[in-house]
Amino acid sequence: MKKLTFILFLVAGVVGLQAQDEAIFTHTFLNPFLVNPGYTGITGNHQIQMHMNNSWTGFQNAPQSYALTWNGPVANNMGLGMVLFTEKAASLTRYRGQLSYGFNFLVKEDFRLGIGLSTEFHQERLSASVRDNPLYEGSDPLVEDRIDGAQWFDASMGVMGDYQNRVFFGLSTSNMIRARLDDVDDDSFAQEIFNYWMAQLGYRFDLTEYDVLLEPSVFLRKTRNAPFLADFAFRASFMERRLTGGLLYRAGSGGQLGLLVGTRFNAFSILYSYNVGFQRFQQYSNGTHEITLSLEFPGKALKAKQAAAAETPPTE
């Protein structure tokens, strides 16, 4: 079993070091800012969120991912945001720090569009203890490079839209700098920087008479040297969004199915999901657990708008 575990993580974490640089959180549909800088400040609210993902539970040194994000408005139609991300899988540790800048505007009265850009710093480090494992033969340049600690800068860009507070969509591209450096073909620059992308589409059904909000959505992603993934989510909120439940399904990499539950107390909310896979490997794992903690409060511009609306007398 020890040999199996070492081989598993060496293959997944070392041979696959060039795989996706975006964390595969299943709660991306709850926080598009994780992968789309176009979301920066578009809601008019300050949003602080913490994501915790524990995959392949039951295995020692199974992958654990953590992300802390903030985004919010800093001026009229402008937003800033940051992401701090860390992931550890066996002997491999990854870090990412990101600053995002967004500009949003009204295309027309009920259609808001956001455009954003992020600059990122990445680091990957492999524990030197892998040299002591008898299964490692040594002299692997990829492993040795990561033991020394590999670092690089990158960038992403994206757009995010919201129509009538019902239809929401997003499109972003990641690894813009690494895509340019890694591609040795004669493709145009535009083709190279759009090799890796993520797209989101969803709709909100507000059933006011039943005090229910239904929100189906789909999230597609094509990231570096990783299989194409499609996430389908269906979320239902009740009692003025104080209670939430939903289903999650991921197509690709064998497939996953998950259940989502959550609750909200004023500005604070907590959501939990449990996912199981359809691969044969699932019989050796206890599934994947993910928790999102969220704090949201309005920015100055939104507060002023809400106060003005409250003072306006109703029209007869």
For this session: Of the numbered conditions (1) crowded, with 21+ Cβ neighbours inside 10 Å; (2) outside any loop (DSSP other than H, G, I, E, B); (3) polar (S, T, N, Q), T43 fails exactly one; give the number of that condition.
Result: (2)
For this session: Mind listing whichever residues of the stretch 121-139 are surrounded by 10 or more Cβ atoms within 10 Å (Cβ to Cβ), without any contact (Cβ under 8 Å) to a residue 24 or more places away in the chain and either in contact with a Phe, Trp or Tyr (Cβ under 7 Å, 6 or more places away or on another chain) or more than 14 Å from T93 (Cβ to Cβ) (or both)?
Result: R131
Problem set entry | Selection within the stretch 219-235 - buried (at least 18 other Cβ atoms within 10 Å of the Cβ) and either without any contact (Cβ under 8 Å) to a residue 24 or more places away in the chain or of a type in the set (A, V, I, L, M, F, W, C) (or both) | F219, A226, L229, A233
For this session: Within the stretch 259-276, identify whether any single residue is at pLDDT below 95 and in contact with a helix residue (DSSP H, G or I) (Cβ under 7 Å, 6 or more places away or on another chain), and answer yes or no.
Result: yes
Exercise. Here are some residues: D162, D154. Which one is closer than 30 Å to P216 by Cα, acidic (D, E), touching a residue at least 60 places away in the same chain (Cβ under 8 Å) and surrounded by 13 or more Cβ atoms within 10 Å (Cβ to Cβ)?
Worked result: D162
For this session: Looking at (1) of a type outside the set (V, I, T); (2) assigned to a strand (DSSP E or B); (3) more than 18 Å from N53 (Cβ to Cβ), find the lone condition where Q283 falls short.
Result: (2)
Exercise. Which condition does Y203 not pass, out of (1) over 17 Å from the mean Cα position of the chain (by Cα); (2) surrounded by 16 or more Cβ atoms within 10 Å (Cβ to Cβ); (3) not small (G, A, S), if it passes all the others?
Worked result: (2)
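Residue by residue through the stretch 62-103, note down the ones that are closer than 23 Å to L126 by Cα and aromatic (F, W, Y).
Y66, F85, Y95
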Problem set entry | Pair list, Cβ < 6 Å and 6+ apart or interchain, from the stretch 30-43 residues that are closer than 24 Å to T244 by Cα to residues that are assigned to a loop (DSSP other than H, G, I, E, B) and of a type outside the set (F, W, Y) | V35/E22
Exercise. Within the stretch 286-305, restricting attention to residues that are assigned to a helix (DSSP H, G or I) and surrounded by 12 or more Cβ atoms within 10 Å (Cβ to Cβ), which residue is modelled with the highest pLDDT?
Worked result: K300
For this session: Please enumerate the residues belonging to the stretch 237-250 that are over 16 Å from A199 (Cβ atoms) and crowded, with 18+ Cβ neighbours inside 10 Å.
Result: S237, T244, G246, L248
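Can you pull out the residues in the stretch 224-251 that are assigned to a loop (DSSP other than H, G, I, E, B) and either more than 29 Å from M176 (Cβ to Cβ) or among the acidic types (D, E) (or both)?
Answer for the stretch 224-251, where residues must be assigned to a loop (DSSP other than H, G, I, E, B) and either more than 29 Å from M176 (Cβ to Cβ) or among the acidic types (D, E) (or both): M239, E240, R241, R242.
The values are calculated or read from the model by the stated rules, or taken from the named source; none is laboratory data. Worth saying up front: this structure is predicted, and the values here are computed from it rather than measured. Note that each Cβ is placed from the backbone with ideal geometry, even for glycine, and that neighbours are counted across all protein chains shown.
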